[in-house]
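Accompanying notes for the structure given below.
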Amino acid sequence: MKLIKLFLCCLVFASCAKKEIQIPLIAADGIQEIKNFSEVWVFFEVEKNDTLAVLNRTNTIISTNWVYNIDKKLPMNKVLPVLKKMKYKHKNGMHADKKTLDFYSYSNTENNMLSFLEFTQVKFMGDSTTSKELLKLEGEAYAVYHNLNLKFYKNTVYINDSDVGSEDLKQTLLEFIEFSSEGRQTLIHLNFDDTLTYQEYLSFKTMVASLQSAAIKISVKEFIFDRSKIPDCNC
């Protein structure tokens with residue numbers, strides 16, 4: 001019942017504000033229930049041929065968990081500044097509670113219910129670097145892991161420097177890890193081209209999140225990069 005009420009709240013809010021928001025559609029299980037939450041809304045608008053991520057956080061309460069309802073059409077280079085701003089406010093504002101959590105919302109197409117993906121611990125890195133450069137600079141700190149750099153573009157995905165396409169990606173990743181990990185715990189480093197839409201970004205995120213286990217971890221440092229600013233490596 002709580003999930004149904006939340007979904008209806010989405011529709012009412014959009015109607016009252018005379019705006020429409022389309023959250024991502026993803027066939028993936030996620031968190032089904034969140035208690036003590038308020039919502040952040042990020043709308044898609046176009047003004048003078050410029051795409052805008054329009055923030056509405058009128059009803060957010062800083063001491064609650066936050067659910068981010070973000071329009072799936074927005075490019076990540078527009079979404080990222082909002083995410084950085086709001087994550088900082090949530091943890092550093094007056095009356096902030098360090099135990100509160102941040103969640104992305106999406107519609108699970110397998111059961112037509114609202115689902116959530118937590119991203120509280122994610123640290124968004126600069127737009128002119130990737131995890132490959134991080135590992136070069138801080139290699140000793142990650143030496144214990146089997147490090148895997150995933151780089152997501154609109155039409156393909158790279159595992160380390162190998163173009164593996166985007167079809168059957170989950171199975172490809174599992175096979176790659178089994179073949180190359182040599183018994184070590186795998187640490188996946190996520191890198192996203194900032195021209196990806198939020199729909200594409202969250203689809204990749206939920207897929208990778210489903211791989212987590214005792215043998216596979218995901219780095220909290222996440223790179224959403226400007227392709228024109230990173231070293232040219234043909235990937």
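General observations
- Residue check, Ile26 of a type in the set (A, V, I, L, M, F, W, C), under 27 Å from Val208 (Cα atoms) and touching a strand residue (DSSP E or B) at 6+ places or on another chain (Cβ under 8 Å): yes
- Check on Asn69, surrounded by 15 or more Cβ atoms within 10 Å (Cβ to Cβ), in contact with a Cys (Cβ under 8 Å, 6 or more places away or on another chain) and touching a residue at least 40 places away in the same chain (Cβ under 8 Å): yes
- Per the conditions (1) surrounded by 16 or more Cβ atoms within 10 Å (Cβ to Cβ); (2) part of a loop (DSSP other than H, G, I, E, B); (3) modelled with pLDDT of 95 or more, the sole criterion not satisfied by Ser219 is (2).
- All of Glu133, Glu110 fail the test of being in the same structural domain as Lys154 (by TED's automatic domain parsing) and either out of contact with any Lys or Arg (no Cβ under 9 Å at 6 or more places or on another chain) or aliphatic (A, V, I, L, M) (or both), apart from Glu133.
- Of all the listed residues (Asn69, Asn49, Asn59), the sole one being at negative phi and at pLDDT below 95 is Asn59.
- Residues of region 138-188 that are at negative phi, surrounded by 10 or more Cβ atoms within 10 Å (Cβ to Cβ) and among the charged types (D, E, K, R): Glu138, Lys151, Lys154, Asp161, Asp163, Lys170, Glu175, Glu178, Arg184.
- Identity of the residue in region 151-163, in contact (Cβ under 8 Å) with a residue 40 or more places away in the chain and in contact with a Phe, Trp or Tyr (Cβ under 7 Å, 6 or more places away or on another chain), that ends up farthest from Thr206 (Cα to Cα): Lys151
- Counted residues, region 20-72 - those being more than 23 Å from Asn111 (Cβ to Cβ), outside any loop (DSSP other than H, G, I, E, B) and of a type outside the set (Asp, Glu): 14
- For Glu140: the one exception among (1) farther than 17 Å from Val208 by Cβ; (2) touching a helix residue (DSSP H, G or I) at 6+ places or on another chain (Cβ under 6 Å): (2)
- The listed residues are Leu117, Leu83, Leu135, and the only one of them that is assigned to a strand (DSSP E or B), in contact with a Phe, Trp or Tyr (Cβ under 9 Å, 6 or more places away or on another chain) and surrounded by 13 or more Cβ atoms within 10 Å (Cβ to Cβ) turns out to be Leu117.
- Flag if Leu74 is of a type outside the set (D, E, K, R), under 20 Å from the mean Cα position of the chain (by Cα) and surrounded by 15 or more Cβ atoms within 10 Å (Cβ to Cβ): yes
- Residue match in region 142-151 (condition: part of a loop (DSSP other than H, G, I, E, B) and either in the same structural domain as Phe103 (by TED's automatic domain parsing) or under 20 Å from Gln199 (Cα atoms) (or both)): no
- Among the residues of region 191-216, those that are assigned to a loop (DSSP other than H, G, I, E, B), farther than 19 Å from Lys123 by Cα and either modelled with pLDDT under 95 or of a type outside the set (Ser, Thr, Tyr) (or both) comprise Leu211, Ala214, Ala215.
- Subset of region 93-125 that is at pLDDT 95 or above and of a type in the set (Val, Ile, Thr) - its residue that is farthest from Ser38 (Cα to Cα): Val122
The values are calculated or read from the model by the stated rules, or taken from the named source; none is laboratory data. Every value quoted in this text rests on a predicted model; they were computed, and no experiment measured them. So basically every Cβ, Gly included, is an ideal-geometry build from the backbone, and we count neighbours across all protein chains shown.
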